Amino acid sequence: MKTATVRQIHNEFGQVLEWVKSGEEVLVQRRRSVVARILPPPSQTERVLPDFMARLRKQFGTKVTPDSSALFDEMRGER
(Lines give C-alpha, C1' and ligand atoms only; values in the text may rest on other atoms or scores of the structure.)
Protein backbone atom coordinates (compact mmCIF):
# COMPACT_ATOMS: atom_id res chain seq x y z
CA MET A 1 0.00 0.00 0.00
CA LYS A 2 1.38 3.37 -1.01
CA THR A 3 0.51 6.85 0.13
CA ALA A 4 0.36 10.05 -1.86
CA THR A 5 -0.48 13.60 -0.96
CA VAL A 6 -3.11 15.64 -2.75
CA ARG A 7 -0.32 17.81 -4.16
CA GLN A 8 1.57 14.76 -5.43
CA ILE A 9 -1.55 13.46 -7.15
CA HIS A 10 -2.11 16.87 -8.71
CA ASN A 11 1.47 17.15 -9.98
CA GLU A 12 2.34 13.50 -10.69
CA PHE A 13 -0.97 11.84 -11.48
CA GLY A 14 0.59 9.62 -14.15
CA GLN A 15 2.96 8.04 -11.65
CA VAL A 16 0.18 7.45 -9.12
CA LEU A 17 -1.97 5.95 -11.87
CA GLU A 18 0.85 3.55 -12.75
CA TRP A 19 0.95 2.41 -9.13
CA VAL A 20 -2.76 1.66 -9.26
CA LYS A 21 -2.46 -0.09 -12.63
CA SER A 22 0.23 -2.35 -11.16
CA GLY A 23 -2.19 -3.43 -8.42
CA GLU A 24 -1.18 -1.08 -5.61
CA GLU A 25 -3.69 0.51 -3.28
CA VAL A 26 -2.99 4.22 -2.82
CA LEU A 27 -4.05 6.21 0.22
CA VAL A 28 -4.52 9.92 -0.45
CA GLN A 29 -3.50 12.23 2.37
CA ARG A 30 -4.30 15.86 3.06
CA ARG A 31 -2.43 17.37 6.00
CA ARG A 32 -1.34 13.92 7.20
CA SER A 33 -4.86 12.50 7.42
CA VAL A 34 -6.20 10.01 4.92
CA VAL A 35 -9.03 11.48 2.85
CA ALA A 36 -9.38 8.91 0.06
CA ARG A 37 -8.33 5.51 -1.13
CA ILE A 38 -7.68 4.64 -4.78
CA LEU A 39 -8.05 0.97 -5.64
CA PRO A 40 -7.42 -0.97 -8.83
CA PRO A 41 -10.58 -2.32 -10.45
CA PRO A 42 -11.62 -5.87 -9.58
CA SER A 43 -10.51 -8.60 -11.93
CA GLN A 44 -12.48 -8.74 -15.16
CA THR A 45 -14.15 -12.11 -14.77
CA GLU A 46 -17.31 -12.55 -16.76
CA ARG A 47 -20.44 -12.27 -14.65
CA VAL A 48 -22.94 -15.03 -15.16
CA LEU A 49 -26.48 -13.70 -15.04
CA PRO A 50 -29.43 -15.89 -14.12
CA ASP A 51 -31.74 -17.12 -16.86
CA PHE A 52 -34.52 -14.58 -16.40
CA MET A 53 -36.71 -16.02 -19.15
CA ALA A 54 -36.67 -19.49 -17.56
CA ARG A 55 -37.63 -17.95 -14.24
CA LEU A 56 -40.43 -15.99 -15.90
CA ARG A 57 -41.78 -19.12 -17.60
CA LYS A 58 -41.59 -21.04 -14.33
CA GLN A 59 -43.58 -18.38 -12.45
CA PHE A 60 -46.19 -17.53 -15.04
CA GLY A 61 -46.23 -20.52 -17.37
CA THR A 62 -47.87 -19.85 -20.71
CA LYS A 63 -50.42 -17.31 -19.54
CA VAL A 64 -51.39 -14.99 -22.35
CA THR A 65 -52.94 -11.63 -21.68
CA PRO A 66 -55.78 -10.52 -23.91
CA ASP A 67 -55.15 -8.03 -26.67
CA SER A 68 -55.31 -4.46 -25.36
CA SER A 69 -57.74 -3.36 -28.06
CA ALA A 70 -60.18 -6.05 -26.93
CA LEU A 71 -59.91 -4.77 -23.36
CA PHE A 72 -60.60 -1.19 -24.43
CA ASP A 73 -63.61 -2.28 -26.48
CA GLU A 74 -64.95 -4.17 -23.48
CA MET A 75 -64.39 -1.20 -21.12
CA ARG A 76 -66.04 1.27 -23.49
CA GLY A 77 -68.99 -0.98 -24.14
CA GLU A 78 -71.35 -0.43 -27.03
CA ARG A 79 -71.34 3.19 -28.14
> If you take the residues in the stretch 30-79 that are in contact with a helix residue (DSSP H, G or I) (Cβ under 7 Å, 6 or more places away or on another chain) and in a strand (DSSP E or B), which one is nearest to K2 (Cα to Cα)?
Replying inline: I38
>> Name the residue that is nearest to the chain's Cα centre (by Cα), counting only residues in the stretch 11-29 that are outside any helix (DSSP H, G or I) and charged (D, E, K, R).
In response: E25
> Does the stretch 33-52 contain any residue that is more than 27 Å from the chain's Cα centre (by Cα) and loosely packed, with under 10 Cβ neighbours inside 10 Å?
Replying inline: yes
> Mind checking which pairs have a first residue in the stretch 1-28 that is over 15 Å from P40 (Cβ atoms) and in contact (Cβ under 8 Å) with a residue 12 or more places away in the chain and a second that is β-branched (V, I, T) and in a helix (DSSP H, G or I), Cβ under 9 Å, 6 or more apart or different chains?
Replying inline: I9/V16
> Any chance the stretch 57-71 includes a residue that's out of contact with any Gly (no Cβ under 6 Å at 6 or more places or on another chain), of a type in the set (A, V, I, L, M) and at pLDDT 85 or above?
Replying inline: no
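The values are calculated or read from the model by the stated rules, or taken from the named source; none is laboratory data. Being a predicted model, the structure only gives us computed values, none of them experimental. Don't worry about glycine lacking a Cβ; one is built from the backbone with ideal geometry, like all the others, and counts go over all protein chains shown.
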